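The block underneath contains the structure these notes are about, expressed in structure tokens.
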Amino acid sequence: MFVNVDTVHDSPDFPEQVDVVVIGGGIVGTTTAYELACRGVSVALLEKGLIGCEQSSRNWGWVRQQNRDMFELPLAMHSLNRWEAMSGEIGRDVGFRRSGIVYTTDNPESLAKWEAWGEKAREHGFVSHRLTSEQAHEKAPGTTSKWLGGVFSPTDGHAEPAMACPAIAFGARERGAYVHQNCAVRGLELTGGRVSGVWTERGLIRTSSVVCAGGAWSSRFCRRHGVELPAANIMGTTLQTTPGDQVTPGCLTTPKIALRRRLDGGYTLAMPGFGRVEISPQGLRYATKFYGAYRSKLAKKLQVRIGRSFFRGPEAAGSWEFDQVSPFEQTRVLDPAPDMAQARAALAGLHAEYPALKGVHIARVWGGMIDTTPDMVPVISPVEAIPGFIVASGFSGHGFGIGPGGGQLAADLVTGATPVVDPTPYHLDRFARGSRIRQPEMM
């Protein structure tokens, strides 16, 4: 099993009552709990497995604003500020470095798309730099491809996924939050139609507010209570290389590979856009909402297969009682098998692009589940049918980078504070209305 995160110690006491329960110890859940604790709110952070052990430690580690969907860009910009501040606030390194992100291409269509995106981004106050062919080679020295051009965002950065969630959970606990791992939330206790508690495998916790930040598991949890959260889980493959020469201080993506310089001297490496989707009851349930995305260019690199997801895991069908073992306890940590052929192809692509790195090899390979919405924009929203219930999920592969902003927005919605950004684009009811189910503007 892939587990390579810093250790988090549980709180000594288990609460009987709190103001807010946060379900899920990934980047969104930990930052939500942290922001609430900083405001003096009584909060319990409950994780069915271990803090940060699912997608929040399995992602690329990119923290970017460049090429975000325009609905996400304000949240991404705010998240960068939170990333930069958190290590100092918490007193532990989350691994964030503002080192810039470079995109290179040999495709004129990509350049045109990036230029159009940049014009819209400037309306939000974000500026990226269009690169000529010569500048692209200067920003990606040592590459063998002939770049037509690219873009560079100097204010973007990266962080270490294995360090971030544990450090933020530590910060939340130090500020009074309860943190408990191996403690699944089985469901909501409702009184008069609104939240009055949560049933956990250790018993009932009374609360008036719940934030569901369960990642790949959120849709199944919501369906247990009649709440429709359209989501598809995409299985991605990522690898870590052995240490090698520094060819980039931060993050670089080309048409064939995406890499990030790690603090340990190796690289986190992947092939952009590639993934696997398994046929499942959840996938069939929401197939029509994803039809446009599956027909787009974004889906051409996705493999569709039959697997265990049809019978077990976050996308399976079936219900359960609160005094029964739930699906969340049956699978403590999602650990999908990586695509080794894809990993080898990524390493070959790295060697071909960077002759200076031909001596690096695969150190580790892992798979992860990316919870994705039909428009690839997250849901950070109250559930109108269940007062006191808020969903913060569906971050579509962008959650690590924009998680701190998402957590702060969720905390704002819980406490009634002025939202850090306009929450309207992230409302759950957009899917029921059909008002904005479209292909995303940018991955």
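Here are the numbers:
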read-out: P141 vs. criteria surrounded by fewer than 22 Cβ atoms within 10 Å (Cβ to Cβ) and modelled with pLDDT of 95 or more; value: yes
read-out: Positions within the stretch 187-220 being surrounded by fewer than 22 Cβ atoms within 10 Å (Cβ to Cβ) and among the charged types (D, E, K, R), in sequence order; value: E189, R194, E201, R202, R206
read-out: One residue from R68, R82 being touching a Gly at 6+ places or on another chain (Cβ under 7 Å) and touching a residue at least 12 places away in the same chain (Cβ under 8 Å); value: R82
read-out: Members of the stretch 217-232 that are in contact with a strand residue (DSSP E or B) (Cβ under 7 Å, 6 or more places away or on another chain) and not in a loop (DSSP other than H, G, I, E, B); value: S218, F221, C222, A232
read-out: Some residue of the stretch 23-38 being crowded, with 24+ Cβ neighbours inside 10 Å, part of a strand (DSSP E or B), of a type outside the set (K, R) and touching a residue at least 24 places away in the same chain (Cβ under 8 Å); value: yes
read-out: Residue within the stretch 269-281 that is surrounded by 18 or more Cβ atoms within 10 Å (Cβ to Cβ), outside any loop (DSSP other than H, G, I, E, B) and at pLDDT 95 or above present; value: yes
read-out: Hits in the stretch 115-160 (condition: under 13 Å from T104 (Cβ atoms), hydrophobic (A, V, I, L, M, F, W, C) and without any contact (Cβ under 8 Å) to a residue 40 or more places away in the chain); value: L131, A136
read-out: Scan of the stretch 51-80 for residues that are in a helix (DSSP H, G or I) and either among the basic types (K, R) or touching a helix residue (DSSP H, G or I) at 6+ places or on another chain (Cβ under 7 Å) (or both), ordered by number; value: Q55, S56, S57, R58, L73, L75, A76, H78, S79
read-out: Subset of the stretch 93-112 [under 26 Å from R262 (Cβ atoms) and either open to solvent by 70 Å² or more (accessible area, probe 1.4 Å) or hydroxyl-bearing (S, T, Y) (or both)]; value: R97, R98, S99, Y103, T104, T105
read-out: Residue satisfying condition, being more than 22 Å from N107 (Cα to Cα) and touching a helix residue (DSSP H, G or I) at 6+ places or on another chain (Cβ under 9 Å), within set T254, T331, T288; value: T331
read-out: All positions within the stretch 383-401 that are out of contact with any Gly (no Cβ under 8 Å at 6 or more places or on another chain) and farther than 16 Å from G52 by Cβ; value: V383, E384, G388, F389, I390, V391, G394, S396, H398
read-out: Search result, residues across the stretch 1-19 that are touching an Asp or Glu at 6+ places or on another chain (Cβ under 7 Å) and either open to solvent by less than 80 Å² (accessible area, probe 1.4 Å) or modelled with pLDDT of 95 or more (or both); value: F2
read-out: Verdict on K301 being in contact with a Phe, Trp or Tyr (Cβ under 6 Å, 6 or more places away or on another chain), farther than 30 Å from G187 by Cα and surrounded by fewer than 18 Cβ atoms within 10 Å (Cβ to Cβ); value: yes
read-out: Within the stretch 235-257, considering residues that are among the aliphatic types (A, V, I, L, M), in contact with a Leu (Cβ under 7 Å, 6 or more places away or on another chain) and not in a loop (DSSP other than H, G, I, E, B), the one nearest to Q55 (Cα to Cα); value: L239
read-out: Which numbered condition A85 misses (of (1) open to solvent by less than 10 Å² (accessible area, probe 1.4 Å); (2) in a helix (DSSP H, G or I)); value: (1)
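The values are calculated or read from the model by the stated rules, or taken from the named source; none is laboratory data. Model, not experiment: these values are computed from the prediction. So basically every Cβ, Gly included, is an ideal-geometry build from the backbone, and we count neighbours across all protein chains shown. Surface areas here come from the heavy atoms of the whole protein model, side chains and all, with no ligands, DNA or RNA. Shrake-Rupley method; radii C 1.70, N 1.55, O 1.52, S 1.80 Å.
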